[in-house]
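A short write-up of the structure that comes next.
The values are calculated or read from the model by the stated rules, or taken from the named source; none is laboratory data. Because the structure is predicted, anything quoted here is derived from the model rather than measured. Note that we place each Cβ from the backbone using ideal geometry, even for glycine, and neighbour counts take in every protein chain shown.
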Amino acid sequence: MPSSEVETQLLGGTANRGLVVRVADTVRRPLRASSQATHALLEHLERVGFEGAPRFLGVDSQGREVLSYLPGETVTAPYPSWSMTDAALDSVAVLLREYHQAVADFRPAGLEWAEPVPADYVTGLISHNDPNLDNLVFRDGIAVALIDFDLAGPGSSLWDVATAVRLWAPLRPDADIHDVRRGRSLARLRRFADTYGLTEPDRRRLVDAAADNHVWCMDYVRRGAETGHPWFHQRWTTGEADLTDRTNTWFKQSATALQQALLD
């Protein structure tokens, strides 16, 4: 095999763990039912000059989508110290806002998307829907690109902000935060909303949106586990179910404090 065709396995997300490889300056990933929609989105982002997403380059001889490889670092446990800084958090908010600006005039029709979000959070914008820590590429501690658009689909900027801040603040019981972010969730929640420039109406809905996003995301994981997906099953049966219940309770008990952190 020519050196340019050597495949190096990449971590991939939970859904496609072990199935994503790098070949030279490209990434090869399995096709999905929603791949046509995802490719249309990536082609739009390329047309408008948005640099913070991979380029769709076609389908290879093995039937895998081919994307451009974006050099940099993603955030996986154990989290490096630079990824937990306020500067890193700010850069995620800025990148997400830039993505929303780039996708604002994308109006696809007749495409099949992966996982519908709750109707209350659908405005016509195609949101990323999964800006998890390992779905952003960083360079020198600054977020420069979003990757893994598998869950992208009709949503809203509010839904994306709720997803991102839930994971990056993070919004969960302090006892379940095992890094330097413990005790700083409220401050990081406010900082993310401020840096993104969240509108006043969306700021008032953000806490409910984050709680609803947690339910939506964990239901997706649970269904994956129940249908036999090995990595979802492992995740759900090794503590995720209990953490989900604790976090749902925490959102209810902390709603007032979270809202005050955003509005005071």
Across the range 50-101, what is the number of residues that are closer than 22 Å to Gln36 by Cβ, among the acidic types (Asp, Glu) and either surrounded by 17 or more Cβ atoms within 10 Å (Cβ to Cβ) or within 18 Å of the chain's Cα centre (by Cα) (or both)? 1
Just to be sure before I move on: is Asp148 surrounded by 16 or more Cβ atoms within 10 Å (Cβ to Cβ) and on the phi > 0 side of the Ramachandran plot in the structure I sent? yes
Go through the residues of the range 9-24 one by one and say whether even a single one is within 27 Å of Trp168 (Cα to Cα) and modelled with pLDDT of 95 or more. no
For the range 56-63, state whether one or more residues are within 20 Å of Ala164 (Cα to Cα) and at pLDDT 95 or above. no
Can Ser127 be described as surrounded by 14 or more Cβ atoms within 10 Å (Cβ to Cβ), under 18 Å from Leu243 (Cβ atoms), of a type in the set (Ser, Thr, Tyr) and free of Cβ contacts under 8 Å to residues at least 60 places away in the same chain? no
